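The values are calculated or read from the model by the stated rules, or taken from the named source; none is laboratory data. Nothing here was measured: the structure is a model prediction, and the numbers come from that model. FYI the Cβ positions are ideal-geometry reconstructions off the backbone, even for glycines, and counts take in every protein chain you see. With ligands, DNA and RNA removed, areas are computed over all heavy atoms of the protein, side chains included. Shrake-Rupley method; radii C 1.70, N 1.55, O 1.52, S 1.80 Å.
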Amino acid sequence: MVSFRKKKSSKNVDTAAAKAGAEAVAPSPSEDAPAADDDAREPETTASKTPPRPPQMDDIPDLLETMTTEKGEKSAAATKRIYELCDVGHKQNRVPMVCSGKYDVLTPLAQCLTQESGDGRHLACLALNNLSIPTENKRVMALGPSSGAVIGGLCKVISEDKQESYLCCICLMNLSFLEASITTMLQHSPVADGAADPVPPLDNPESLIRILEKLLKNAPAVPKSGSGKSEGVRWACGLIKNLAKSEENAALFGKTDIPKCVVGNIRNTTAPPGRWTSNSLEDFSLFVILNLAQWPVSRQALIESGAIDVVRPIMAEGDLQGLKAIMACAFLGAPWTDFPDGGSTAAKSISELMTNIIEKKGKDGQYAYGVFKLYTATKAYRDLCYAANSADGDAGESNTKVLAVPSAVALCLQVVSDLVLAADDEVNGGSKYVPDVKSAEYSAAAVTYMLPAILQAGDPPRKSIQSEKACGEISTMLTQYANLAGTGAQGKEAAQKAADEIKAANGSARPILEVSHDSWTQYRKREGQPMDQFLVQEKGIEVDESGPLDFLPCAGSDSSCIIF
């Protein structure tokens, strides 16, 4: 989300507070006039020598009536006062204006977006941007009764290439931070009044996805920085970044030229990755590539656009851009030899990301908690393990050794075991972070691909009680996970394969497995989890003077047999 600050021109946008939301500060409408002597677009309120009374919430009904019944400068003046009620100095009014049920400010503001007058349209964009910041308002604006009018009005401004197009892209991006709204938003496909059947988004040139595609395709190869066209493309990519988090949306994007366009944005940039700022066109475009790359339905479109060749050099960067490039290349199936430093940098950065997500923290100067999902990080680690495993030869040390560090292996075991405990209603004690089903599946698969390194025997070979215990507990836990009702076919296959190989490795010391098991055990103790959950349940045989009791017909039953 984006924050606007007041400057000499309403076109100047300060995006330093982009993480917080879009706060717009409007000049008087005349400041956006095409010529200095054009007074026809200046509201009467700005020409008055006596400053008008600041608008109050009670004024909203009258202001809305003026907006909808009047035209020209009177309507623009009323829109300006609606904006002033929700500007940066009146944040407390934003939720009541949208969610209180007392006013319908969204429909009139959406109608203002269709005005030919730039003043009213510009002010309506600023007001909608500010109103789109609170989470409560996002749901109403993106999914409520007025959502069609709001999204439709914003799309209309973008499609007509008005100077406020970039403001409309920012407003839509703000709404898309509500993940519950992103599939509905991309399905926006308006039809003419009276039309009987809806039109699929890909078949409708007026749909949101086709409007965004047109905006990106018509952009110059190297847009002038700060121009209206470049700002529109930039914030459109920010919107697409959020929308691409859904697999359903990714399937639609994969059938357009949008993947080709975002790859082109990276290919055509002249700025080195180390100088890309947060929320820049390049930053957004790489995020789009990352989000689309993780879904099979859109991955091929990126590969055909040459995404691997374009993103590969960025992996050498040691910052956020490097992390995104590493994950994108892992998703796209880049060969193991493409990853710098023998894959050690990639392994460290992704395992650190998984740890930070589970511990609910970010990384200073790079990303905040919540930017990445656990299923994205674990999937990237799985794909990285697969690339390393696939590059192994018949002899020599496994490439997966740089990935199979005990802390990373223990983290994968933790994700799987936490899901097992969460699924068992009879278990007392569990994890504070309950992983999703996909994260557990990817973690189990990562362990499977790392087995050549995890099960590497000690040198010299020796017996180890600790390894025996580790083999028993870990194989039992993976078997329990494989038998869960909610485990998918791929997760079940990976977990069972790993369980079988680990169980068969019992008898010799396995140093990496031992240390990984110890780290996993320490985590479970800190969490207060039951330590006997994954022990091999082999009970002894009870006997008395007559011999074993379990041969008796009443042994273990609820009968009233008496044993002397």
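Observations, loosely collected:
- Residue match in the stretch 149-163 (condition: among the acidic types (Asp, Glu), within 30 Å of Glu248 (Cβ to Cβ) and at pLDDT below 95): yes
- Exactly one residue out of Leu109, Leu126, Leu172, Leu186 is open to solvent by less than 10 Å² (accessible area, probe 1.4 Å), touching a residue at least 60 places away in the same chain (Cβ under 8 Å), of a type in the set (A, V, I, L, M) and closer than 20 Å to Arg81 by Cα, and it is Leu126.
- Applying the criterion of being within 15 Å of Ala307 (Cβ to Cβ), in contact with a Ser or Thr (Cβ under 8 Å, 6 or more places away or on another chain) and outside any helix (DSSP H, G or I) to the residues of the stretch 238-284, the residue that is least open to solvent (accessible area, probe 1.4 Å) is Ala244.
- Condition met for Ser278 (under 22 Å from Arg234 (Cα atoms), among the small types (Gly, Ala, Ser) and at pLDDT below 95): yes
- Restricting Val310, Val288 to residues that are more than 29 Å from Tyr433 (Cα to Cα), out of contact with any Ser or Thr (no Cβ under 6 Å at 6 or more places or on another chain) and either at pLDDT 95 or above or buried (at least 24 other Cβ atoms within 10 Å of the Cβ) (or both) narrows the list to Val310.
- Selection of the stretch 192-213 for residues being in a loop (DSSP other than H, G, I, E, B) and open to solvent by less than 60 Å² (accessible area, probe 1.4 Å) yields Ala195, Val199, Asn204, Ser207.
- Count of the stretch 129-150 residues, restricted to those that are part of a helix (DSSP H, G or I) and either among the aromatic types (Phe, Trp, Tyr) or open to solvent by less than 10 Å² (accessible area, probe 1.4 Å) (or both), is 8.
- For the stretch 92-106, residues that are in contact (Cβ under 8 Å) with a residue 40 or more places away in the chain and either open to solvent by less than 10 Å² (accessible area, probe 1.4 Å) or assigned to a helix (DSSP H, G or I) (or both) total 7.
- Residue satisfying all of: in the stretch 376-406; open to solvent by 60 Å² or more (accessible area, probe 1.4 Å) and of a type in the set (D, E, K, R); farthest from Ser443 (Cα to Cα) among these: Asp394
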